[in-house]
Amino acid sequence: MNRMKVNSIHRLSNTGIMVRNKSYQSAHGGNLLSAFRLVDELIPDFNRFNSLSAIICPVQKFSGNKIPLALASRIVQHSDSVLCDNVYLKTERPGTKMIDRMFFQPEFTGKVIHGKYILVDDVFTTGITLKGLKTFIEANGGNVTSAYTLGSSKSTLFEASQLQLRILKGRYPEVDKYFDLSLLTIIQIEYLLKFNSIKNLNVLYSKHHHQKQFY
């Protein structure tokens, strides 16, 4: 199956508005009713989903944050779509610093059926988790065509082009010894390109006690 590159995600609201909502803390803590209230307040018009026809797969953990599930459920209710609610993130997300996220490798488990998928999460920051979910679904026969989140960082750019990967490889010829280039998001690549040399990158990694080092 040919894998479709998702250039950017669809942002439905604003991260600041979301976290200030009175239902956010409870929803993020695992209360599904609070998550539905939050989604309903942030998205005034669900008709935007009417034309969708896909398998809607939220980023889910076995416990905690129910916002992605609530958003995915609302999309299904207002479209010709079905919910995939049996795929779960097994690994804990890293800290808030970018350096903590660079080596994060999300692992998912669950049943994937063949078909067209739309991914859903509450916030898009680096895209690492969504990229991991997309990779998992495609490795098991699905085809991911787009992704939706409530909030995001400034950029909503998601998967890198071949040109961007060549630029990264040109700057750091041995970068693929440390990263699987096929799994890097645009935001990760932009972060790596801020460094003038492998030595500078190594100093930062060493400072944060990472086991993987650049030589």
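The values are calculated or read from the model by the stated rules, or taken from the named source; none is laboratory data. Remember, predicted model here, so these are calculated numbers, not experimental data. In this analysis, Cβ positions are derived from the backbone assuming ideal geometry, glycine residues included, and neighbour counts consider all displayed protein chains.
With the structure loaded, tell me whether Val59 is closer than 21 Å to Gln188 by Cβ and in contact with an Asp or Glu (Cβ under 6 Å, 6 or more places away or on another chain) or whether it fails that test.
Considered against the rule, which asks whether it is closer than 21 Å to Gln188 by Cβ and in contact with an Asp or Glu (Cβ under 6 Å, 6 or more places away or on another chain), Val59 comes out as yes.
Gly16: out of contact with any Phe, Trp or Tyr (no Cβ under 7 Å at 6 or more places or on another chain), more than 21 Å from Leu133 (Cα to Cα) and of a type in the set (Gly, Ala, Ser), yes or no?
For Gly16, the condition - out of contact with any Phe, Trp or Tyr (no Cβ under 7 Å at 6 or more places or on another chain), more than 21 Å from Leu133 (Cα to Cα) and of a type in the set (Gly, Ala, Ser) - is met.
Given Gly142, Gly170, Gly151, which one is over 17 Å from the mean Cα position of the chain (by Cα) and at pLDDT 90 or above? Outline the logic, then answer.
Working: Gly142 fails: over 17 Å from the mean Cα position of the chain (by Cα); Gly151 fails: over 17 Å from the mean Cα position of the chain (by Cα).
Going through Gly142, Gly170, Gly151 in turn, just one is over 17 Å from the mean Cα position of the chain (by Cα) and at pLDDT 90 or above: Gly170.
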Output the number of the condition that Leu150 fails; it satisfies all remaining conditions of (1) surrounded by 20 or more Cβ atoms within 10 Å (Cβ to Cβ); (2) not in a strand (DSSP E or B). (2)
Return the total of residues in the stretch 38-65 being assigned to a helix (DSSP H, G or I) and closer than 19 Å to Ile118 by Cα. 5
With the condition kept exactly as written, say whether any residue in the stretch 63-74 is over 17 Å from Leu150 (Cβ atoms) and more than 14 Å from the chain's Cα centre (by Cα). yes
From the list Ser79, Ser73, Ser51, which one is more than 25 Å from Thr135 (Cβ to Cβ), out of contact with any Gly (no Cβ under 8 Å at 6 or more places or on another chain) and not assigned by TED's automatic domain parsing to the domain that holds Ser182? Ser51
Check on Ala35, assigned by TED's automatic domain parsing to the domain that holds Gly142, aliphatic (A, V, I, L, M) and farther than 26 Å from Thr145 by Cβ: no
All but one of (1) touching a helix residue (DSSP H, G or I) at 6+ places or on another chain (Cβ under 9 Å); (2) within 25 Å of Phe36 (Cα to Cα) hold for Leu130; which doesn't? (1)
When the residues of the stretch 10-37 are filtered to those that are in a loop (DSSP other than H, G, I, E, B), of a type in the set (Gly, Ala, Ser) and buried (at least 19 other Cβ atoms within 10 Å of the Cβ), which remaining residue is nearest to the chain's Cα centre (by Cα)? Ser13
Within the stretch 70-102, tally of residues that are exposed (fewer than 15 other Cβ atoms within 10 Å of the Cβ) and either assigned to a loop (DSSP other than H, G, I, E, B) or at pLDDT below 95 (or both): 9
Within the stretch 103-140, track down each residue that is assigned to a helix (DSSP H, G or I) and acidic (Asp, Glu). Glu138
Going through the stretch 103-120 one residue at a time, which ones are closer than 23 Å to Asp180 by Cα and crowded, with 20+ Cβ neighbours inside 10 Å? Pro106, Phe108, Leu119
Residue by residue through the stretch 154-167, note down the ones that are surrounded by fewer than 21 Cβ atoms within 10 Å (Cβ to Cβ) and without any contact (Cβ under 8 Å) to a residue 60 or more places away in the chain. Lys154, Ser155, Gln162, Leu163, Gln164, Leu165, Arg166, Ile167
